[in-house]
Every structure is written in C-alpha cells, then in structure tokens.
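Just below is one structure, and these are the notes that go with it.
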Amino acid sequence: MKRIKFCISLLLLVGTIASCGGGKATASSSGSGQAAVPAFNADSAYEYTRRQLEFGYRIPNTPAHKATAAYLQGELARHGAEVTPQAARVTAYDGTGLDIVNIIGSFAPEKKKRVLLMAHWDSRPYADNDPDPANHRKPIPGADDGAASVAVLLEIARQIGNDSPSVGVDIIFFDAEDYGAPYFAASATDPDLSWCLGSQYWSRNPHNPGYRADFGILLDMVSGRGSVFYKEQFSRMYAPAVVDKIWNEAANIGYASYFVSQTGCAVTDDHYFVNEYAGIPCVDIIAYTDESCFPPYWHTLGDDMDNIDRNTMKAVGETVLSVIYKE
C-alpha cells in the first residue's frame, strides 16, 4: 500500500459506476439456516500478532520471511483449512527478483457460495515515512501494517474451524504488498504497479482456475489504538453494496463509532487489483485519519506492538464474523 490516489472526480463517478461494480454483490440473507455468530477472541488475535513479529522482518528473500510463511500455513491447516501455498517469482521496482508466496486457506471448498477474506503478511523494507530521515532505509516492524490483519484472520479461521458458517470461506495472505518504490528510488518501471505484487499475481493467476467469490473483504491496519474506518473510495466504486453490508452490520452490533459512515481516501491496496483483474467485488477495511489518510506510525519504526489495541481488533473481527455467519 499504498500510494494514495486523491481522485477528486472519483466521488462524482461513484453513483454512475456503482451500478456496474455493485451488481455482483448480494445483500445479507437471513433465515433459520444460519449458524450462530461465534465470539471473537481479541487476546488470541493479539498473540497471533506478537508471534509474527517474533520471526523478525517479513521481507521476501529473507530467512524470517520463509519461517513466517511456514508458520502461517501451519496455523491455517491446524484450524482445518485446505492450504495452498502459491509460490511465484516477481520483480520489484528496482529489478530485484523476489521469491514470494501467497498463502491460501480454504474452508468447505466444495461450497459454491464463497466469501474471500484477505490481508498482506509481508512487512515493508523501508521506514520511508519515519520522522527521522536516518531511518528511511531501515525495515519496519509492521505490527499494524500487516501482522495484526493476518492475526484477525487467523482468529477468524480458528472460529470457522470450530463452527462452520453456511458459506465457504477462503482466506488469502498476500505477499509483497509493501515492497513498493520508496521516494528515494533512483528509478522505477511503474511506481503505481510496484505495490501489491502478490495480489497482482494471484488476481491474474488464481489458485483455482476460474475461482469466484460472491465478495471479498481486505483487512489492512485494523488494530491501532483509536483507529476508525471510513468507506475507502475504490471500495465504494467497485463494491458499494458490500460496503453497505459491512458498515450496516457494524452499526447493528454496536461498532458504529469504529465504522464511520463517511468517505475516506482512495488507496492502492490489494483489493484494487482483485477488483480490477479478478472482477471480485472487494472492500478494504483500513484505518483512516484526516491528516494523512494513514495513522502516524504508518511506514515508520513506530509500527510496533505498542500501537496494537485489542478493542479495535475486536470491533473489526466481530464485524467480519457477523457478516460471514449471516450470509
């Protein structure tokens, strides 16, 4: 992530484009066939975050990256998912070859009605937004920006393993999301396309040919203390019905103060490429601030466990679980 695209004209187009992009999404269903919504354990999600940081910086082509990948695959399998590691060789902005792996965990793969949940599991190699320029070429811990979103989905996977919803669920941990060109790069072939390399690859080469999901939810920076979530602009453009589904459900279960019913920024994130290339209507739940769109610790050395808040994780985790189990 995360080049911000301030598309001034985008909001003017949402009303027109939404009639096309939103048609693929379905409204929440109700009925006696629904499974009860399980409780989200924020302590478990917190520990999943901490455990990932213990491996070190999750940067492609490093031992910590390989060790974390093995751990994530093992946890998904332990919770009953059918795990598919999608290895690929991609090229970074500076020509570096990156060995990446998108990690897919599928629950009830035989079910046709499916929901796709996503997060990125890598961490950024550059703290290029740090207040101290001396830190700009150092890697970030990536607690909120990556690890916590994965942690929320691992806890959701644990709940699904204990009590399945009526729909099939696929969880994808995308790699190389945060290897985008830094401001100090001498050159880059295409700065906008240097982000989200794992989701770009999967969107053009899904793990199952012809893969479809009714809709997708991307989590990114969902655990910060005091974080709130506005309606991201690309989400509104491609998947307005899904945005409404999520924000309405958050309000229904008491989290309207977290899920603010206002429009936020337009962010080049993994959901953009899943929408654009795979044609699956996807929404990005991502922290928003008025000052810069992102939290102050974004892409800094300060993105550590001190910022992780269990209450924020719980608000997001319970909302996503409620959406899934009410399908």
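On the basis of being open to solvent by less than 20 Å² (accessible area, probe 1.4 Å) and of a type in the set (D, E, K, R), does ASP170 make the cut?
For ASP170, the condition - open to solvent by less than 20 Å² (accessible area, probe 1.4 Å) and of a type in the set (D, E, K, R) - is met.
Name the one entry in ASN311, ASN307 that is touching a Pro at 6+ places or on another chain (Cβ under 9 Å), within 19 Å of TYR46 (Cβ to Cβ) and of a type in the set (S, T, N, Q).
Result of the check over ASN311, ASN307: ASN307.
Residues in the range 280-298: is at least one over 12 Å from the mean Cα position of the chain (by Cα), at pLDDT 95 or above and of a type in the set (Gly, Ala, Ser)?
no
Could you count how many residues in the range 272-282 are open to solvent by 10 Å² or more (accessible area, probe 1.4 Å) and either more than 23 Å from TYR211 (Cα to Cα) or β-branched (Val, Ile, Thr) (or both)?
Number of matching residues: 0.
Would a scan of the range 292-303 turn up a residue that is open to solvent by 10 Å² or more (accessible area, probe 1.4 Å) and among the charged types (D, E, K, R)?
There is no residue in the range 292-303 that is open to solvent by 10 Å² or more (accessible area, probe 1.4 Å) and among the charged types (D, E, K, R).
Taking the conditions exactly as written (over 25 Å from LYS314 (Cα atoms) and open to solvent by less than 10 Å² (accessible area, probe 1.4 Å)), does ILE59 satisfy them or not?
no
The values are calculated or read from the model by the stated rules, or taken from the named source; none is laboratory data. Given the structure is predicted, the values throughout are model-derived calculations rather than measurements. All Cβ positions, glycine included, derive from the backbone under ideal geometry; neighbour counts span all protein chains shown. Protein only, heavy atoms only, side chains kept; ligands, DNA and RNA dropped before computing areas. Shrake-Rupley method; radii C 1.70, N 1.55, O 1.52, S 1.80 Å.
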